[in-house]
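The values are calculated or read from the model by the stated rules, or taken from the named source; none is laboratory data. Quick caveat: nothing in here was measured; it's all calculated off a predicted structure. FYI the Cβ positions are ideal-geometry reconstructions off the backbone, even for glycines, and counts take in every protein chain you see.
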Amino acid sequence: MCAVEPFPGGENVPLDQRLSNPVDTDRVLADLAAAGDVLGTDRVAVMGFCMGGMQTFRAAGTGNFDRAVSFYGMITPPEQWRSPGNDPLDALGRPEACPTLAVLGGVDRWTPEADIEQLRAIDKVEVALYPDADHGFVHDPDRPAHRPDDAADAWRRAAEFLR
C-alpha cells in the first residue's frame, strides 16, 4: 500500500488554506503511477476518499491501474482543483481507463445527482449509491455522517470489486 500527499510542503499550513489552493494534478498522477510501480505487483489498484476519490477518478484514466475505487470523489471539482483535459469525467471516458467503482452518498452536496448520472453513463464505471448517505459516511464511526450498515456494505462491495 502507498499513499501520496496532495499538498507536499504544506504540512505547516492550516488545512482550510491548503484546501483553497490549486492541486498540481500532473504531479499527483505521476506520484500515484510511481507508487504503483514501487509495489512491484502484477495488478495494482488505486483507491481514494473525497479529494483522493476525485484523484482516483483521474488516475483510473491513465492506463496505469487495473481497478479503481473512489469513495465520494468529486465528479465536478471545485474551480481551484480543475485540470482542463484531466477532469474526472474526461479521464474515466478514455479508452485506457480501468474499471472503476464509485461509492457515493445520495445526499452528498459534493456529488449532485446530475453528476452521478454522468458517471452512470460511462461504461467502465459502476456506481454504488447509498441514497440516505452523506459525504464521509464510511469514515470514522465517531463522525456524524457515519452510517455503519452502509459503510460495511460499501467496504464489502469494494473488496469484491478489487478481487
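When we screen Ala68, Ala114, Ala128 for residues that are crowded, with 21+ Cβ neighbours inside 10 Å, free of Cβ contacts under 8 Å to residues at least 60 places away in the same chain and of a type in the set (A, V, I, L, M, F, W, C), the only hit is Ala68.
Residue by residue, here is whether (1) modelled with pLDDT of 80 or more; (2) within 16 Å of the chain's Cα centre (by Cα); (3) outside any loop (DSSP other than H, G, I, E, B); (4) under 27 Å from Asp140 (Cβ atoms) holds:
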site	(1), (2), (3), (4)
Pro6	no, yes, no, yes
Glu11	no, no, no, yes
Asp16	yes, no, yes, yes
Val28	yes, yes, yes, yes
Asp31	yes, yes, yes, yes
Asp42	yes, no, no, no
Gly52	yes, yes, yes, yes
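Against the numbered list (1) farther than 24 Å from Leu29 by Cα; (2) part of a strand (DSSP E or B), Ala133 comes up short only at (2). Do we find a residue being over 21 Å from Pro22 (Cβ atoms) and of a type in the set (Lys, Arg) anywhere in region 66-84? Among the residues of region 66-84, at least one is over 21 Å from Pro22 (Cβ atoms) and of a type in the set (Lys, Arg), which makes the answer yes. Filtered by the rule that a residue be out of contact with any strand residue (DSSP E or B) (no Cβ under 8 Å at 6 or more places or on another chain) and among the charged types (D, E, K, R), region 44-100 gives Arg58, Glu79, Arg82, Asp87, Asp90, Arg94, Glu96. Annotation: Glu113 fulfils all but one of (1) more than 30 Å from Gly40 (Cβ to Cβ); (2) within 16 Å of the chain's Cα centre (by Cα); (3) not aromatic (Phe, Trp, Tyr); the unmet one is (2).
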